[in-house]
Amino acid sequence: MKRIAPNITRVAYLFNPDTAPLFYTRAVEITAPVLSVKPFAAAVHDTNEMEHMIEQFARAPDSALLVLPDLFTATNRRSIIALAAQHRLPAVYPARYFVAGGGLMSYGIELLDTYRQAASYVDRILKGERPGDLPVQQPTKFEFVINLRTAKALSLDMPPTLLARADEVIE
C-alpha cells in the first residue's frame, strides 16, 4: 500500500473478532509502526458497524483499509469493496476474489493450492493413515493481484516494479 499511496499514515484493519484468527491482528500491530502507519483495529460484528466504521475512518486524509481474512469479511466482500470505492479508500484484501470483484489489490494464499494439499491429506487418510499422525501443513503458494481499473478510479499510480511483482494484473 505504501508503494502506491506513500502518504498513507493510518490503516484500519477490518475484521470480526468472533470469526477472525487473532494472530493477524497482532501481526498488523507489530508491522504498522515499521511502515510508519498508525494501525486502527476496526473490529465489527455486523454490516451496520462495518458501514459506520468505514465511513468514519475514511473521513481522515491519508487513510487506507486492510481487510483481514475471516468468514465475515469474505461473506460481506461486495459491501466492503463498494464502501471502499464510495469513500475512495485504498484497500488491500486477503484473496484474489476480492480484487476480481473490484477491490484494489490482494495478497494471500493461493486457494487452489490449498485445496490440492487437502486432497493429498484425504488420499493419505483413505489409505489408512491416522489424521492425528499427519503433520500440520502451512500454505506454500501466495499470490499478489492488482486491479488497474480500481487503481485508476482512485487516482493511484502503480509503479512498474510493483506491477512486475504481481502474479496477476486485472485491467
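Structure data summary
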| quantity | calculated |
| --- | --- |
| Selected residue (criterion: surrounded by the most Cβ atoms within 10 Å (Cβ to Cβ)) from residues of region 150-160 that are free of Cβ contacts under 8 Å to residues at least 40 places away in the same chain and either part of a helix (DSSP H, G or I) or aromatic (Phe, Trp, Tyr) (or both) | LYS152 |
| Strands (runs of 3 or more DSSP E) contained in region 1-86 and holding at least 1 residues touching an Asp or Glu at 6+ places or on another chain (Cβ under 6 Å) | 10-15, 38-43 |
| Selection count, region 6-31, where residues are closer than 22 Å to LEU104 by Cβ and surrounded by fewer than 17 Cβ atoms within 10 Å (Cβ to Cβ) | 7 |
| Number of positions in region 57-82 that are surrounded by fewer than 19 Cβ atoms within 10 Å (Cβ to Cβ) and closer than 18 Å to VAL37 by Cα | 5 |
| Which numbered condition GLU143 fails, given (1) of a type in the set (Asp, Glu); (2) over 28 Å from ILE81 (Cβ atoms); (3) surrounded by 11 or more Cβ atoms within 10 Å (Cβ to Cβ) | (2) |
| Any hit, region 121-139, residues being closer than 24 Å to THR9 by Cβ and outside any loop (DSSP other than H, G, I, E, B) | no |
| Cβ pairs under 7 Å, 6+ apart, first in region 109-135 and farther than 25 Å from PRO69 by Cα, second part of a helix (DSSP H, G or I) and among the β-branched types (Val, Ile, Thr) | PRO131/ILE125 |
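Residues are listed down the side, and each one gets a yes or a no for (1) among the small types (Gly, Ala, Ser); (2) on the phi < 0 side of the Ramachandran plot; (3) within 12 Å of the chain's Cα centre (by Cα):
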{"site": "ARG10", "(1), (2), (3)": "no, yes, no"}
{"site": "THR31", "(1), (2), (3)": "no, yes, no"}
{"site": "LEU35", "(1), (2), (3)": "no, yes, no"}
{"site": "HIS45", "(1), (2), (3)": "no, yes, no"}
{"site": "GLU49", "(1), (2), (3)": "no, yes, no"}
{"site": "ILE54", "(1), (2), (3)": "no, yes, no"}
{"site": "SER79", "(1), (2), (3)": "yes, yes, no"}
{"site": "VAL92", "(1), (2), (3)": "no, yes, yes"}
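Each reported figure results from applying straightforward, stated rules to the coordinates on display, with no laboratory input. A quick note: this is a predicted structure, and the numbers were derived from the prediction, not measured. We place every Cβ from the backbone using ideal geometry, glycine too, and count neighbours over all the protein chains shown.
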